[in-house]
Each structure stands twice: as structure tokens, then as C-alpha cells.
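This report refers to the structure that appears directly beneath it.
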Amino acid sequence: MSDKTVKILAIESSCDETAAAVVADGREVMSNIISSQIDIHTLYGGVVPEIASRKHMENINPVVEQALKEANVRLDDIDAIGVTYGPGLVGALLVGVSCAKGISLATGKPLIGVHHIKGHISAVYIENKQLKPPFVCLVASGGHTHLVIVHDYGKYEVIGRTRDDAAGEAFDKVARAIGLGYPGGPKIDKAAKTGNPHAIEFPRASIEGSPYDFSFSGLKSAVLNYINTCKMKGEEVVTEDVAASFQQSVVDVLVSRAVKAAKETGYLKLALAGGVASNSALREAMKEECEKNGIEIYYPSPIYCTDNAAMIGVAAYYDYVSGVRSGMDLNAVPGLKLT
């Protein structure tokens with residue numbers, strides 16, 4: 001590669017955020033525009049795929065234009081276009097993929113399809129310039145909970161995953177059950193600050209023979225059973241205590257598995273990524289355990305934990321410099337696996 005700065009225009013539309021960014025050399029974010037649909041989906045208690053797709057169609061061109069403008073670049077200055085092609089909501093993904101393909105076709109710039117989870121992992125590089133593979137990464141979001149060994153840029157090994165609900169999904173479902181509404185993660189985090197995390201002893205599931213795997217459906221059921229039992233007995237449900245106790249159970253499981261993985265693999269660098277990585281209790285507990293065990297901990301700012309295009313630009317950069325290219329047959333793959 002020459003000394004020329006490589007600029008990637010990145011597009012992300014896998015769920016309910018329409019996002020575009022310009023990233024230079026895989027580490028410098030020149031712009032990061034996010035148009036959120038939270039207010040609309042809050043009315044329905046969660047993301048409605050058809051509405052998300054329609055809003056992406058309305059927002060995508062203005063968001064891309066704004067990202068270029070804020071970065072003070074034109075399409076001619078861009079070296080490649082990176083776009084999330086999975087996993088996610090198929091209609092939402094198609095909007096981003098179609099836009100990226102259109103730009104690639106019109107400009108002749110290379111197209112790079114990016115795995116959404118690889119994007120979340122790559123977000124850690126943005127503010128941690130010194131971080132280089134190999135390391136272990138815990139990816140916890142609304143749709144995924146993975147423990148991944150990052151052997152090199154673009155080379156990943158999944159050593160643990162959820163068997164049922166993702167951590168973020170459990171947050172959303174429990175938040176709805178205790179009347180906090182959508183989005184569940186930030187609302188439970190806030191309510192838990194004034195609650196007692198030891199008020200209710202909720203389960204911490206482990207899976208025999210798979211020490212790095214996760215399961216949160218039993219925990220979710222335990223919370224629902226607790227609420228129903230209280231109602232039947234006419235006892236008060238203290239929302240803050242339920243939120244804090246539930247959150248403590250999730251945090252304990254995530255921290256113990258991640259630290260175990262870092263110690264047993266011998267990679268004493270651990271990164272957090274994904275929407276749940278912005279949870280304050282998780283960050284605090286993970287930092288404390290890592291310090292006790294001599295493990296270096298890395299995580300992105302909250303803006304780079306939730307869905308954004310800057311992380312897609314970082315992942316696309318490392319694919320670009322290693323020669324990865326996508327064709328015009330690139331399609332949305334809603335159930336795309338991380339290999």
C-alpha cells in the first residue's frame with residue numbers, strides 16, 4: 001500500500017438506525033451521521049420491520065450526503081464503499097445494500113460487504129489506537145451475544161454464543177414486562193442505579209460442556225414468574241429492584257464468561273462491543289474483574305457501541321487493504337453467521 005490516506009464511505013441500516021460515515025485509514029472518523037428511529041418504534045414497544053425499511057428509504061440519501069459534507073469530501077475522494085449486508089432485518093439491510101451498490105456502480109469505486117458483528121468488533125479500534133489483534137472480544141447486542149477470538153484483522157473465531165435470547169433482547173423484554181418500555185437497555189441501566197441488585201436472586205445459567213456459551217431465556221422467564229407471583233399475592237413489585245437484580249444476573253454471566261475466556265486462551269486483552277457494552281454496570285464490573293486478573297480492557301464510547309456506520313467503515317478498511325471486494329450480486333443476508 002502507498003502512503004495515501006484510504007477513505008471509506010460506510011453505510012449501516014441493519015435495524016432502526018440509518019447511518020453513514022467517512023473513515024480514514026481504519027482509525028480516524030471524519031464523520032459519523034446517525035438518524036435514529038427510536039421515537040417511532042417506541043410507540044409500538046419495539047422495532048417494526050416494515051416501518052424501519054420505509055424510514056431507511058426516506059433517510060438514506062440525506063444521511064449519506066451529510067456524512068460526505070461533514071467530512072468535507074466528495075465521492076471522487078472516496079476509495080471504497082463499505083456496507084452492512086447482514087445480519088439484520090432483511091428489508092432494512094436491502095436499503096443500505098442497494099444504496100451502496102448504486103454509488104459503487106455510478107462512481108466505479110470498489111464495494112465491500114461488511115458483517116454487522118465484525119463492525120461492532122472493529123468499533124473498538126476507533127478510540128484505542130494502540131489495540132491490535134490478537135485479543136478476546138465480548139459482543140453483546142440486541143440480536144447477538146458472542147465471545148470471539150480476534151486472531152487478526154478480519155480473522156475471527158467464535159468460541160461462545162447464546163443458545164437462545166441475546167443479552168440485549170432480554171433487556172428489552174424485561175423492560176417491557178416491568179413497564180419501562182422501549183428501548184430496554186438504557187431504561188434498565190437507569191432504573192437499576194436506584195435499585196438493590198441483591199433484592200431478588202435471579203438465576204445465572206451455565207451450559208454443561210460449553211463453558212463459554214450463554215442462555216438468557218431462563219432468566220427472562222424467572223423475572224416474568226416473579227412479577228406474576230407478586231401480582232397474585234398482592235405484593236408490590238419494586239421496579240428498580242427488579243431492574244437492578246436482573247441486570248446484576250446478566251452482568252455476572254457476561255463478565256465471568258469473558259474473563260474466563262481471556263485467561264484460558266492466554267490472550268490477556270479483552271474488548272467489549274455492541275449495544276449492551278454501553279451498560280454502565282457491565283463496564284464497571286468488567287473493568288474491576290480485568291484489573292484483578294491482569295487483563296487489559298478496551299471498549300468504545302457509547303456512540304460507537306450502538307449501531308453506527310463508523311464501525312462499518314473501520315471493518316471495511318481492513319478488508320479493503322487485504323484485497324476483499326464484493327460484486328454487484330451482493331445481497332442482504334439477514335441470518336448471516338460470523339465465522
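Here, each number is a calculation from the coordinates, and none is a lab measurement. Predicted model, so just to flag it, every value in this text is computed and none were measured. Reconstructed Cβ throughout: ideal geometry from the backbone, glycine too, with neighbour counts over all protein chains shown.
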Rounded to the nearest 5, what is the percent of antiparallel bridges among the DSSP beta bridges in the range 132-299? 60
Starting from the Kirkwood radius over alpha-carbon pairs of the range 119-193, derive D by Stokes-Einstein at 10 °C in a medium of 1.306 mPa s and give it in µm² s⁻¹. 115
Cα-only radius of gyration and Dmax that characterise the range 132-299, units Å: 16.0, 56
If you project the alpha carbons of the range 17-129 onto the principal axes, what extent comes out on each, in Å, largest first? 40, 35, 24
Expected sort for THR265, THR194 with the fewest Cβ neighbours (10 Å cutoff) up front is THR194, THR265
Loop-located trypsin sites (Lys or Arg not before Pro) in the range 22-130 whose Cβ has at most 16 other Cβ within 10 Å (DSSP): ARG27, ARG74, LYS129
Of the beta bridges DSSP finds with both residues in the chain, what % are antiparallel, to the nearest 5? 60
If I model a spin label as a point 7 Å beyond the Cα along the Cα-Cβ vector, how far apart are those points for GLU208 and MET328 in nm? 5.6
Going 7 Å from the Cα of LYS69 along its beta-carbon direction, which residues of the range 1-30 have the amide nitrogen within less than 13 Å of the resulting point? none
Could you compute the longest span of the chain free of GluC sites (Glu not before Pro) located in DSSP loops and having at most 11 other Cβ atoms within 10 Å, not counting the site residues? 1-200
Cα-based radius of gyration of the chain once divided by 2.2 N^0.38 Å, which approximates compact folds: 1.00
Percent of alpha carbon pairs in the range 153-220 separated by more than 21 Å? 37
